[in-house]
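Worksheet for the structure shown next.
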Amino acid sequence: MKDIKYSKNVLKLQLIVLAMLLFVLGVSAQSTYKGKKMNHESISSVFTVPGGYERNNMDAYSEWLIAHPLKEKSEVEYYNGNIKHNNFIYAAVFDYEIGTRDLHHCADAAIYLRASYNYSSGFLDRLQFTFTNGYRTSYIDYLKGANPTPINAGRDIVTKQGKSRKDNCKTFRKWLDLVWSYAGTYSIEQYDTESVSYWDMQPGDVFVTGGFPGHAITVVDMAVNKAGHKIYMLAQSYMPAQEQHILLNPLTLDVWYSMDDMNYINTPEYTFEPSDLRRFIL
């Protein structure tokens, strides 16, 4: 056990050194992508797969992810409008509003993707997430007037019944803010996702370590070559609340991660293990 902890600490130290090196050198491996105009662009139009690879998108959610708009201005903004200081770790930014409250963290970014896909596809019955205290909220109940109200410092929930709400994007967004306020890495790991084999990875899966804060990162694209070697792309938000962004691989300075690197998944700001891979149940 001590050897494992030592190895992980060494890996974290290596990542820190790499990040410092990138900063000192003013790396703009991102410049390969950030030089492109991203207005109304998407993952599929901005990021080409390496030679010999083809995209390996398995379902409608996969297609939705790679079609999601990216921002024209590729700078990650915090909820208060400030710019993320270590802007050398990402290649592009998802284009959607995160609000002006400190809510949209890592788990919330993963929740946004799954919830927005289900909402845009008309799967309202799948819009269900669990708060950290175990309370399950659904968008359909919210439309019917349910008002979950935390008490006892958030340890319990009292559901007050109010007037029914009209289903529209504004209402959906308010419900999403509610979910972001009381869900997190612990709840999506414990209640809303199930473990999947690393080798069964598909776009939309999430690397999760549940905790306070823990971390979560979404697989947003994949590709495979004729030999069966697979690569994948990752996206995250972080703390404080900030826009979701596509990460650079700190070891290759590209957006692609190889599934052959299976001991640890080293991202710029966190290290996962293959066993951390999970999939949303709904």
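Here, each number is a calculation from the coordinates, and none is a lab measurement. Treat the numbers as computed from the prediction; the structure is a model and nothing was measured. All Cβ positions, glycine included, derive from the backbone under ideal geometry; neighbour counts span all protein chains shown.
For this structure, a couple of remarks:
- Rounded to the nearest 20 debye, the dipole size of the chain about its Cα centre is 660 debye, using +1 on the Cβ of Lys and Arg and -1 on the Cβ of Asp and Glu.
- Just so you know, the Rg over Rh for the range 48-199 is 0.99, from Cα atoms, with Rh as the Kirkwood radius.
- Selection from Q128, F94, S237, by position along the positive dipole direction of the chain (Cβ): Q128
- Vicinal HN-Hα couplings computed from phi for the range 95-105 (Karplus, 6.51 cos²θ - 1.76 cosθ + 1.60; Hz; Gly/Pro x): 9, 7, 7, 9, x, 10, 10, 7, 10, 7, 9
- Value in Å of the Kirkwood radius, where the range 134-282 supplies the Cα pairs that are averaged: 17.3 Å
- Principal axis extents of the Cα atoms in the chain, from largest to smallest and rounded to whole angstrom, are 55, 47, 40.
- Shown here for the range 51-117: GluC sites (Glu not before Pro) in loop regions (DSSP other than H, G, I, E, B) with at most 12 other Cβ atoms within 10 Å, namely E97.
- The range 219-276 - Debye-derived log10 I(q)/I(0), Cα point model, q = 0.22 Å⁻¹: -0.92
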